[in-house]
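Engineer: Before anything else, here's the structure in question.
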Amino acid sequence: MMSDIEKNSIAKPAEWPPRLVICIGTVVLKDNQVLFIRQAKGQSLEGQWSIPWGFVDNEETPESAALRETFEESGIKAEVKGLLGFQNLHQSGWIGLIFLCHHVEGKPIADGIETDMASYLSLDELSRLGEPIEPWCEWLVRRVLEGKYSLIPSEPHNPYNPKMAFL
């Protein structure tokens, strides 16, 4: 006798090609501080401080999505310096790519929709914040500010240039 799982897998043909949800985050450095945003009421991380995060839209590269989300959520223009890493996220089929960026211009300002605050914080300021910080973002930022990370830089001489490659 077939289980419900087996019946469902037979009844529903697999999607091809498979789809993933790609989330991107940025650790934006300015001096010895990192850009944080506080998620506004009604958002998935309501009331918590985190790095800028978002989804990669159709026809968009992860690095351009990272810069777009950073600007939308904080008013900061940044430049990608390299890939910090990859994280499997809580939802099945969701992955996160995290980029290290440096500040180019702008002052942190919340968008009033997804974010209600934006600020650059040092390690000391992070420790004294007194408000909820998304745990993974705090762990990541602490590692970066303490120099405990490896950066995968962009490789401009790849065969698909001008598409970015991180090697």
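The values are calculated or read from the model by the stated rules, or taken from the named source; none is laboratory data. What you see is a predicted model, and the numbers here were worked out from it, not measured in a lab. Cβ atoms come from the backbone with ideal geometry, glycine included; neighbour counts cover every protein chain shown. Accessible surface is based on the protein model in full, side chains and every heavy atom, while ligands, DNA and RNA are left aside. Shrake-Rupley method; radii C 1.70, N 1.55, O 1.52, S 1.80 Å.
Engineer: Only one residue in 130, 106, 112, 96 is surrounded by 15 or more Cβ atoms within 10 Å (Cβ to Cβ) and either over 17 Å from residue 33 (Cβ atoms) or in contact with a Phe, Trp or Tyr (Cβ under 7 Å, 6 or more places away or on another chain) (or both). Which one? Give the derivation first.
Structural biologist: Details: 130 fails: surrounded by 15 or more Cβ atoms within 10 Å (Cβ to Cβ); 106 fails: either over 17 Å from residue 33 (Cβ atoms) or in contact with a Phe, Trp or Tyr (Cβ under 7 Å, 6 or more places away or on another chain) (or both); 112 fails: surrounded by 15 or more Cβ atoms within 10 Å (Cβ to Cβ).
Result: 96 is the single residue among 130, 106, 112, 96 that is surrounded by 15 or more Cβ atoms within 10 Å (Cβ to Cβ) and either over 17 Å from residue 33 (Cβ atoms) or in contact with a Phe, Trp or Tyr (Cβ under 7 Å, 6 or more places away or on another chain) (or both).
Engineer: Same structure again: Name the pairs whose Cβ atoms lie under 6 Å apart, with the first residue in the stretch 42-64 and open to solvent by 40 Å² or more (accessible area, probe 1.4 Å), the second in a loop (DSSP other than H, G, I, E, B), and 6 or more positions between them or separate chains?
Structural biologist: 43/114; 45/134; 48/132; 48/134
Engineer: While we're here: Tally up the residues in the stretch 65-81 that are on the phi < 0 side of the Ramachandran plot, open to solvent by less than 30 Å² (accessible area, probe 1.4 Å) and not polar (S, T, N, Q), please.
Structural biologist: The total comes to 7.
Engineer: Let me ask something additional. If you go through the stretch 57-87 one residue at a time, how many are outside any strand (DSSP E or B) and either in contact with a helix residue (DSSP H, G or I) (Cβ under 7 Å, 6 or more places away or on another chain) or of a type outside the set (Phe, Trp, Tyr) (or both)?
Structural biologist: So the answer is 19.
Engineer: For the stretch 133-145, which positions are assigned to a helix (DSSP H, G or I) and either touching a Leu at 6+ places or on another chain (Cβ under 8 Å) or surrounded by 13 or more Cβ atoms within 10 Å (Cβ to Cβ) (or both)? Give the derivation first.
Structural biologist: From the stretch 133-145, those assigned to a helix (DSSP H, G or I) are 135-145; that's our starting set.
Hits for the stretch 133-145 are 136, 137, 138, 140, 141, 142, 143, 144, 145.
Engineer: Have a look at 91, 87 and point out the one that is within 12 Å of the chain's Cα centre (by Cα) and open to solvent by 50 Å² or more (accessible area, probe 1.4 Å).
Structural biologist: Details: 91 fails: within 12 Å of the chain's Cα centre (by Cα).
Every option except 87 fails the conditions.
Engineer: Okay, moving on. From the residues in the stretch 115-124 that are in a strand (DSSP E or B) and among the small types (Gly, Ala, Ser), which one is surrounded by the most Cβ atoms within 10 Å (Cβ to Cβ)?
Structural biologist: Looking at the filtered set, the residue picked out is 118.
Engineer: One residue is enough: does the stretch 146-156 have a residue meeting the conditions among the hydrophobic types (A, V, I, L, M, F, W, C), surrounded by 12 or more Cβ atoms within 10 Å (Cβ to Cβ) and at pLDDT 95 or above? Break it down stepwise before answering.
Structural biologist: Filtering the stretch 146-156 down to residues among the hydrophobic types (A, V, I, L, M, F, W, C) leaves 151-152.
With the extra rule that they be surrounded by 12 or more Cβ atoms within 10 Å (Cβ to Cβ), the set shrinks to 151-152.
Going one step further and asking which of them are at pLDDT 95 or above, we end up with 151-152.
Yes; the residues of the stretch 146-156 include at least one that is among the hydrophobic types (A, V, I, L, M, F, W, C), surrounded by 12 or more Cβ atoms within 10 Å (Cβ to Cβ) and at pLDDT 95 or above.
Engineer: Output the residue which, of all residues in the stretch 71-114 that are aromatic (Phe, Trp, Tyr) and free of Cβ contacts under 8 Å to residues at least 60 places away in the same chain, is nearest to residue 143 (Cα to Cα). Walk me through it before giving the result.
Structural biologist: Applying the first criterion (aromatic (Phe, Trp, Tyr)) to the stretch 71-114 yields 71, 86, 94, 99.
Narrowing further to those that are free of Cβ contacts under 8 Å to residues at least 60 places away in the same chain: 71, 86.
Numbers: 71: 23, 86: 15 Å.
Among residues in the stretch 71-114 that are aromatic (Phe, Trp, Tyr) and free of Cβ contacts under 8 Å to residues at least 60 places away in the same chain, the one nearest to residue 143 (Cα to Cα) is 86.
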